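In what follows, a single structure is set out as structure tokens and then discussed.
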């Protein structure tokens, strides 16, 4: 990093925004977490449903699925409400599929019994990185809901193989930076979302050139930053689920 | 009230839940208010749009409209997400039409210029009375957004004729009670929503017999309670917009 | 009423339009009634369905539900066909929910057996007051369909607790008037729909300030007119179901 | 026809049902006609719209289009409401396209000016033959609306090249019969809908084998019957538009 | 035919385009056929589904149904994708209903067992006559799928009563011509689609006047041409299913 | 690779399926290419539209967008037709967004003028890897359409910065393999799609753990294979556009 380089937020290239995980935020959900990455705030809830989707009936296996939404004025200018338009955008569907896959990757579906956990990630305020914040908070909500099942003796042990957390990185003014906020995201040369387990295993990688193609070396820089940032997030998750 | 009567919450028949109005909750909206009636929490935002609907183009008049939504797990058991189902329920449409009409009743549309204010009321947590909480909070959001227009000299004066607030009342165990929570609402013999101005004018009345028809006297009791409760709400609104 | 006051139709303030209820209008429906309030004509049919909605299965209880529609050229200028637009408006949904609630309020759902009666109210011509005409005519259609069940010994007695009828009232040129037609409705200061039973019990009240808020006294005037008008409607219903 | 042959209705093979055309049935439409073929009743309205569809803008040409609907309980058993299902069936779309094409075939679109006439055919009661009754009644509604344009001097002369009417025929118990009612239609070996002009020109022919294929000779019998029946219908149309 | 007459393609009035039927084109379908009428190319597949629609459950009878689609750039200018628009056009529904009816007319539904065959006709390239090409190719796909059922001893014999094929004819420059291509179709005075069995039985006739009404004699000319053309198509079908 | 390792297809780990690119397959499209990766066949067309989306009007810039679809029986068992279901799946939307982004990454939108090129990728037959085959074929279609614009002097030079092609890789039985077919894809431990330019720049990376998380080393193996495979694809693209 050259001396001339400066992020809009004043953060250093490898610095996360202020991150907080507030477990139990929602009164009625079996598990919940309000996750905040700076001005990005996402309410994640986990709801236990004793029915599974048709393709799993009578298999003894469970399922974890996710839905994602944004309040219309979570953003700088108001966006149309998806319920009023009558359909979810491609972006919304892409994100909720990603959240679901990421959580299933660390859940032992065979051990959770024939039931479904539905995750809802609703963006209350958006300043970039909503999908990675969602995954990070959703893990906490899922963990808490599953522990409720353990506590009520519905299942013998927590069916989780590891933590899972996510972060975005990008090339901003030619420099690899961690945890893009909206100002950076809209001007990044490339950005990538990484989903890793608490043990460092790769779950999902999504890298996109926004302007020019990027090189293997640049991509390696992004991955290195992501691993470091996710390490910090997993520490916060561990504290949040202990409460 | 007989000695035998007791509300599930322990409140007296004419007692509101703890009500708070938190102005400026949303960072990006021109006006916003988080309104809480006990465990019912609604985030209300007001977004200024410099375009009006087609039927008002070139009339010099403005418009106020509202949308309403509920997070899927705002409630005791999870409800389907309207954006995923691809349509808003009849209940949602009924509520958002009510919010819009109530706000327009106190707004001088001619003085607000040819622009539209879009109100979004999103229920973060629901324990009964979400529509009346929405109206009460939305007034604060609308007021703040309009004041921003005055401050920027887009309009010369605040185009508001009065405050507007709303409360529900109902017959619970035969007794008229103020501000029903979910436990009361689901067992009420009748319930009614009242929308009044700060000067005591009636804007909307919606009364429904849930079990047996009710009498004129019972209805008069409900209205009397509503007037008292709305008086308290208007005081809170006046404080909230002064901040 | 001052001497200067005059309704567009020449009616006195407390005068209904010419009302007729023609039972048995539809050849195939189990119950039907063409209801006419002046130039407002609504065909109401009641169809017996031996299946109940899922939430009532195996409860032994029945259900009454309603749908509402308008022919595209029922009105002064043509409206888009809802089937072609692919969705029912908020107004349509609000009205059909109101019709269903009103009818259920006088039906003993436990005594009607585990079956459903579907009411269809289709506006053939609209000159104001279609929702109140619908409720008034739908009661006759429902009554006739239920009697068919009694006649065929499917149920032992008519599961109706009272008649139910509805009327609109409003403030027109400052005067409370009964049974608004379209010309009055579009210029009313306030209007209210009242649904009452044959015994005078209140089932639904919906009052709305269209321009300025109204006072309690004005509202009391509207209610007084409504009670008188509904008395006349119930007499007509009693004749219609005797035929 | 053998002595053994008997239609359910007792009509002879070449006998229409009682047909009536009641012009001016709808109060607000520019043209209207309630058409009745026995127990099949269709309300046809014609609405003048001074705008044409985009593909005709600035061509000076007009357009005639049609929509078709059925009240849910027009039929022996209740059908789902298309507006509630959120889409029109393939059958509905097929019928409304046919009505529109048939009317355009006799309209001089160049002489009607750059405006559109929207025909609505709404089936109040259905006992077979609703599409052919619709075309027959819609012609009357269209004629009346166009004459209103002539009377107001919007156009110099009636832009109609001929009358257009329609009838169904079918093979019932091996015999060619005219004007199928529902009981015949559901048991016909083949049925065909014919649309002809007042001068005997063929506008549309739709023949369908319901059970076994039919022969050229059988088809010729159907066409012969249709020509005779349409002759009678056109006489009725001429009287209806003279009123 | 006068000497002045000339078809855009140079074909004689009674000449088909080059027709080919390529059975087994699709690797996975139980039956398939790529049908080409000149530049009109349609891929027809037949998929066996061991479930029948609800109205046939437990009747022992089978069903044949069809769906039709067009690639967006099958045509001279790109058309909107129906999946993206969220609904099938009236034209699409009309065509797929026609294909289904035509195939069922030659299938012994009682002998095919309680299963369904779903035909998909997807237009890869369109130069007029896609619906008639679809029927002609779909018969081959259906035949092959049914033979697979015979070969696997699921049914004892081929449940087909005859071949079925289709062709369009029209009046072009006043002359009756066979097998309209797009250039002819868009300028035809009238066009008609004929569906006939291999034994000459009439299954469907759809004739439409595009400009002026046509006469009985003209219609007879079209039918005569169709019978001749379909004779050739049936010969090609017989070869295709023998392969 | 151990001796025990064997791909279902018998290919070596770094071996592509037989790939062919057939330019000009579609008669009417401005550019087109039938791309085949073994049994995966995708028809890609490029349609020039002289209008741009609203957000680009009067900017002088152009746009490239893509839509993706699959014939219902492209797959081993029939899938529901999206046009009949009335909406595109999340998977479809994800893929078409990916194709569009990938093509825009190599197009100089400023040099292509204010017009839009719409790419359609329709899967005729699917045996895994349809999204990467689509991108590879779509580039050829886009190139040909843009050259048509150059040839007609609508733009001075080909506004393409590089070729773009895509391939999938995955971990199958613990071994990194190139170009997964369906049999491999459904049993892969992880799979990744890579989109690279002809110069080796990274445009998109999407890696997903299907069973267990994967390691950085494994991911590096996949990327190495992808680079090699894409090199071969780009050679084929260069030949295809020269034709």
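What's the number of the condition residue E:121 fails, among (1) in contact with a helix residue (DSSP H, G or I) (Cβ under 9 Å, 6 or more places away or on another chain); (2) closer than 16 Å to residue F:79 by Cα; (3) assigned to a loop (DSSP other than H, G, I, E, B)?
(3)
On the given criteria, is residue F:100 farther than 22 Å from residue A:208 by Cα, touching a strand residue (DSSP E or B) at 6+ places or on another chain (Cβ under 7 Å) and at pLDDT 95 or above?
no
Being touching a residue at least 60 places away in the same chain (Cβ under 8 Å) and more than 29 Å from residue F:77 (Cα to Cα) narrows it down to one of F:204, F:184, so name that one.
F:204
Select from segment B:195-205 the residues that are more than 7 Å from every other protein chain (Cβ to nearest Cβ) and buried (at least 20 other Cβ atoms within 10 Å of the Cβ) and write down the one among them that is nearest to the chain's Cα centre (by Cα).
The qualifying residue nearest to the chain's Cα centre (by Cα) is B:195.
So residue E:208 clears everything in (1) within 26 Å of residue E:64 (Cα to Cα); (2) within 13 Å of another protein chain (Cβ to nearest Cβ); (3) in contact with a strand residue (DSSP E or B) (Cβ under 8 Å, 6 or more places away or on another chain) except one condition, right? Which one?
Every condition holds for residue E:208 apart from (1).
When residues of segment C:141-183 are filtered for being in a helix (DSSP H, G or I) and under 19 Å from the mean Cα position of the chain (by Cα), how many remain?
Qualifying residue count for the region: 7.
Six or more apart or on different chains, Cβ atoms under 7 Å: show the pairs whose first residue is in segment B:22-35 and farther than 8 Å from residue A:73 by Cβ and whose second is part of a loop (DSSP other than H, G, I, E, B).
That search, which allows pairs on different chains as well, returns B:23/B:243; B:27/A:39; B:33/B:25; B:34/B:25.
Residues that are within 26 Å of residue D:165 (Cβ to Cβ), at pLDDT 95 or above and either within 17 Å of the chain's Cα centre (by Cα) or more than 8 Å from chain D (Cβ to nearest Cβ) (or both): does segment E:223-234 have at least one?
Yes, there is a match, as at least one residue in segment E:223-234 is within 26 Å of residue D:165 (Cβ to Cβ), at pLDDT 95 or above and either within 17 Å of the chain's Cα centre (by Cα) or more than 8 Å from chain D (Cβ to nearest Cβ) (or both).
Can you tell me how many residues in segment A:131-148 are more than 14 Å from chain B (Cβ to nearest Cβ) and touching a helix residue (DSSP H, G or I) at 6+ places or on another chain (Cβ under 8 Å)?
7
Is there a residue being touching a helix residue (DSSP H, G or I) at 6+ places or on another chain (Cβ under 9 Å) and either over 23 Å from residue B:135 (Cβ atoms) or touching a residue at least 40 places away in the same chain (Cβ under 8 Å) (or both) anywhere in segment B:51-61?
For segment B:51-61, residues touching a helix residue (DSSP H, G or I) at 6+ places or on another chain (Cβ under 9 Å) and either over 23 Å from residue B:135 (Cβ atoms) or touching a residue at least 40 places away in the same chain (Cβ under 8 Å) (or both): absent.
Go through segment E:59-84 and report how many residues are out of contact with any strand residue (DSSP E or B) (no Cβ under 7 Å at 6 or more places or on another chain) and more than 20 Å from residue F:92 (Cα to Cα).
6
Condition check ((1) touching a residue at least 60 places away in the same chain (Cβ under 8 Å); (2) under 29 Å from residue D:122 (Cβ atoms)) across all residues:
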| site | (1), (2) |
| --- | --- |
| C:92 | no, yes |
| C:108 | no, no |
| C:111 | no, no |
| C:117 | yes, yes |
| C:158 | no, no |
| C:169 | yes, no |
| C:173 | yes, no |
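Would you confirm whether or not segment A:48-68 contains a residue that is facing chain B (nearest Cβ under 9 Å) and within 17 Å of the chain's Cα centre (by Cα)?
Within segment A:48-68, one or more residues are facing chain B (nearest Cβ under 9 Å) and within 17 Å of the chain's Cα centre (by Cα).
Looking only at segment C:170-184, decide whether some residue is buried (at least 23 other Cβ atoms within 10 Å of the Cβ), within 13 Å of chain B (Cβ to nearest Cβ) and under 19 Å from residue C:19 (Cβ atoms).
Looking through segment C:170-184, none of the residues is buried (at least 23 other Cβ atoms within 10 Å of the Cβ), within 13 Å of chain B (Cβ to nearest Cβ) and under 19 Å from residue C:19 (Cβ atoms).
Report whether or not residue A:62 is within 19 Å of residue B:79 (Cα to Cα), crowded, with 20+ Cβ neighbours inside 10 Å and modelled with pLDDT of 95 or more.
So residue A:62 does not fit the description; no.
Looking at this structure, is residue E:87 within 14 Å of chain D (Cβ to nearest Cβ) and either out of contact with any strand residue (DSSP E or B) (no Cβ under 8 Å at 6 or more places or on another chain) or over 19 Å from residue E:139 (Cα atoms) (or both)?
yes
Read through the list (1) assigned to a loop (DSSP other than H, G, I, E, B); (2) in contact with a strand residue (DSSP E or B) (Cβ under 7 Å, 6 or more places away or on another chain), then give the number of the only condition that residue C:218 fails.
Every listed condition holds for residue C:218 apart from (1).
Return the residues of segment D:90-116 that are within 11 Å of another protein chain (Cβ to nearest Cβ) and touching a helix residue (DSSP H, G or I) at 6+ places or on another chain (Cβ under 7 Å); say none if nothing qualifies.
Those that are within 11 Å of another protein chain (Cβ to nearest Cβ) and touching a helix residue (DSSP H, G or I) at 6+ places or on another chain (Cβ under 7 Å): D:90, D:92, D:93, D:94, D:95, D:97, D:98, D:102.
Hey, residue F:238 hits all of (1) surrounded by 20 or more Cβ atoms within 10 Å (Cβ to Cβ); (2) more than 8 Å from every other protein chain (Cβ to nearest Cβ); (3) under 15 Å from residue F:135 (Cα atoms) but one; which does it fall short on?
(1)
Is it the case, given these coordinates, that residue F:192 is within 24 Å of residue F:19 (Cβ to Cβ), within 14 Å of chain A (Cβ to nearest Cβ) and in contact with a helix residue (DSSP H, G or I) (Cβ under 6 Å, 6 or more places away or on another chain)?
yes
Go through segment F:20-35 and give me each residue that's over 21 Å from residue F:107 (Cβ atoms) and either within 12 Å of chain E (Cβ to nearest Cβ) or at pLDDT below 95 (or both).
F:25, F:27, F:28, F:34
The values are calculated or read from the model by the stated rules, or taken from the named source; none is laboratory data. Remember, predicted model here, so these are calculated numbers, not experimental data. Reconstructed Cβ throughout: ideal geometry from the backbone, glycine too, with neighbour counts over all protein chains shown.
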